[in-house]
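This report refers to the structure that appears directly beneath it.
The values are calculated or read from the model by the stated rules, or taken from the named source; none is laboratory data. Fair warning: this is a prediction, and the values are worked out from it, not measured in the lab. Counting neighbours? That spans all protein chains shown, and the Cβs are built from the backbone with ideal geometry, glycine included. Note: accessible area is taken over every heavy atom of the protein model, side chains too, but ligands, DNA and RNA are not part of it. Shrake-Rupley method; radii C 1.70, N 1.55, O 1.52, S 1.80 Å.
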Amino acid sequence: MTKLRILFVHDHLFLGGAAKAALRMRSVCQDLGHETISIHGDKVELKQFRSCAVHGKAGWLDKFTEMCFGRGQMDKSRQLRAMTRFRKFLRKNPQDLIWFQNIAGAEKWGWSCNWIREAVNHSPVIITMHDMFYLGVKGSYVWDQSIEPTRFAGLEPKELHDLLQSKKLFVNAPSDWLRELAKSLYGIDAGKVLVPLLPEQFAQIPKTKKDGEYTTYLVGADNLADERKNILPTLRMIHKNDLLEKAHSRILCLGKNLPADLCSDRIISLGHVENPEEYRKLFNRVHFLFHPSLIDNFPLIIQDSLALGCPVVALDRGGVAESVRNGITGNLLSEMTREALEIVFAVNSKMTPESYGRLSQSCLSFAQSNYSEESLKPVYANYLLGVCPK
């Protein structure tokens, strides 16, 4: 395969699931022999990855000039600066391929979907949909309304069609659910490109569960109070109905903003953990991942959990069913109700060490077959060959 220069564009460098996914995808491309670099808005660096912060923030002189601007004029000025700097970067650093990941959180830096219009003038462009942002949905998730087509990635219908037909633009997603949504809304035949897991992210042996010990669940989000994640309402329902006491279970909560009135010897706050090694060690303390999120595309926390041999209890929404399979990788619930959780918690608490060990091994095997870097390298190689056949 011809060595490609690939630019990865993602709002954050490492904070958030989409940024972490971008770096994992970038790692596979590097292992395939391609030269990679990231553009991001954060003023941070990761030593193992070449990167460059590009934003539209004003310098000291411009800040004084803009003091009399209204908000709309300031935003426009920031967008113009960001675009100018993006163009300058592309002129100085020509690329064979520009790969857009999430840019939903980059509006504050002056980024916009107009960057895609600019990028297709320089090289083929890939968009990976990590959530619904490129579908024209302002937020990352929607659960209380139907989704109507507007403009895909800010592109007018004919503009989108022409770019796809001329093979200047390619679209993919890590889940069939989001691919089908893009097809139904915009007629896009998006590819499926899974997020890889690196060798160090896999457990070497299955997890164990002893007779008589607490059945321990892990629930996690950057912000536990995020309404989209449905964590606090679910914890309150569990607490109100004494479901953990009945099933000799407890829940460890990873993330910020767990209310004090929910904390107890059954619902335990872990706070925020960013270090990857410390994050993986948390799974040594739990038997199941608990994921009540209302809609998700391809949750990395589920992928991480399976790779560590930890089964998942999740709500069947979005693309979750593609990784959580009843009896194979955990429990998939049609509703997150008291009745459903009471049954699942009771069954999980009564699992024998042997049956739990088999379930844990099933999770490991599933993750290894579907998400390991080695299994996905040929997929990435073929995909890139289709985008850049030279």
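Within segment 243-254, being touching a Gly at 6+ places or on another chain (Cβ under 9 Å) and crowded, with 19+ Cβ neighbours inside 10 Å holds for CYS253, LEU254. When the residues of segment 1-21 are filtered to those that are open to solvent by less than 10 Å² (accessible area, probe 1.4 Å) and touching a Leu at 6+ places or on another chain (Cβ under 9 Å), the one that is farthest from PHE86 (Cα to Cα) is ALA21. Among the residues of segment 307-318, those identified as over 16 Å from ASN230 (Cα atoms) and either part of a loop (DSSP other than H, G, I, E, B) or in contact with a Lys or Arg (Cβ under 6 Å, 6 or more places away or on another chain) (or both) are LEU308, GLY309, CYS310, PRO311. All but one of (1) modelled with pLDDT under 95; (2) touching a helix residue (DSSP H, G or I) at 6+ places or on another chain (Cβ under 9 Å); (3) surrounded by fewer than 22 Cβ atoms within 10 Å (Cβ to Cβ) hold for ASN257, so report the exception by its number. Condition not satisfied by ASN257: (1).
The lone criterion from (1) touching a Gly at 6+ places or on another chain (Cβ under 7 Å); (2) open to solvent by 60 Å² or more (accessible area, probe 1.4 Å) left unmet by ILE295 is number (2). Per the conditions (1) open to solvent by 10 Å² or more (accessible area, probe 1.4 Å); (2) under 25 Å from the mean Cα position of the chain (by Cα); (3) free of Cβ contacts under 8 Å to residues at least 40 places away in the same chain, the sole criterion not satisfied by GLU339 is (2). Looking at ALA321, ALA346, ALA314, which is the one that is in contact with a Leu (Cβ under 8 Å, 6 or more places away or on another chain) and open to solvent by 10 Å² or more (accessible area, probe 1.4 Å)? Sole residue among the options that is in contact with a Leu (Cβ under 8 Å, 6 or more places away or on another chain) and open to solvent by 10 Å² or more (accessible area, probe 1.4 Å): ALA321. In the set TYR371, TYR356, only one residue is at pLDDT 95 or above, among the aromatic types (Phe, Trp, Tyr) and either under 24 Å from GLU213 (Cα atoms) or open to solvent by 60 Å² or more (accessible area, probe 1.4 Å) (or both); that residue is TYR356. Anything in segment 315-327 that is under 18 Å from the mean Cα position of the chain (by Cα) and either free of Cβ contacts under 8 Å to residues at least 24 places away in the same chain or over 16 Å from TRP143 (Cα atoms) (or both)? List them, or say none. ASP316, ALA321, GLU322, SER323, VAL324 - these are the residues of segment 315-327 that are under 18 Å from the mean Cα position of the chain (by Cα) and either free of Cβ contacts under 8 Å to residues at least 24 places away in the same chain or over 16 Å from TRP143 (Cα atoms) (or both). Among the residues of segment 141-166, the ones that are not hydroxyl-bearing (Ser, Thr, Tyr) and not in a helix (DSSP H, G or I) come to 13 in all.
I need a count of the residues in segment 35-55 that are in contact with a Lys or Arg (Cβ under 6 Å, 6 or more places away or on another chain) and either over 24 Å from ALA82 (Cα atoms) or of a type in the set (D, E, K, R) (or both).
From segment 35-55, those in contact with a Lys or Arg (Cβ under 6 Å, 6 or more places away or on another chain) are 35-37, 53-54; that's our starting set.
In the following step, the residues that additionally are either over 24 Å from ALA82 (Cα atoms) or of a type in the set (D, E, K, R) (or both) were identified as 35.
Total satisfying the criteria: 1.
When only residues in segment 54-91 that are hydrophobic (A, V, I, L, M, F, W, C) and at pLDDT 90 or above count, which is most open to solvent (accessible area, probe 1.4 Å)? Across segment 54-91, the extreme among qualifying residues is LEU80. In this structure, ILE127 does not satisfy being assigned to a helix (DSSP H, G or I) and either within 16 Å of ARG151 (Cβ to Cβ) or within 16 Å of the chain's Cα centre (by Cα) (or both). Here is a check on your reading of the model: is ASP222 within 25 Å of ARG280 (Cα to Cα), modelled with pLDDT under 95, over 26 Å from the mean Cα position of the chain (by Cα) and open to solvent by 10 Å² or more (accessible area, probe 1.4 Å)? Taking the combined requirement at face value, the residue does not satisfy it.
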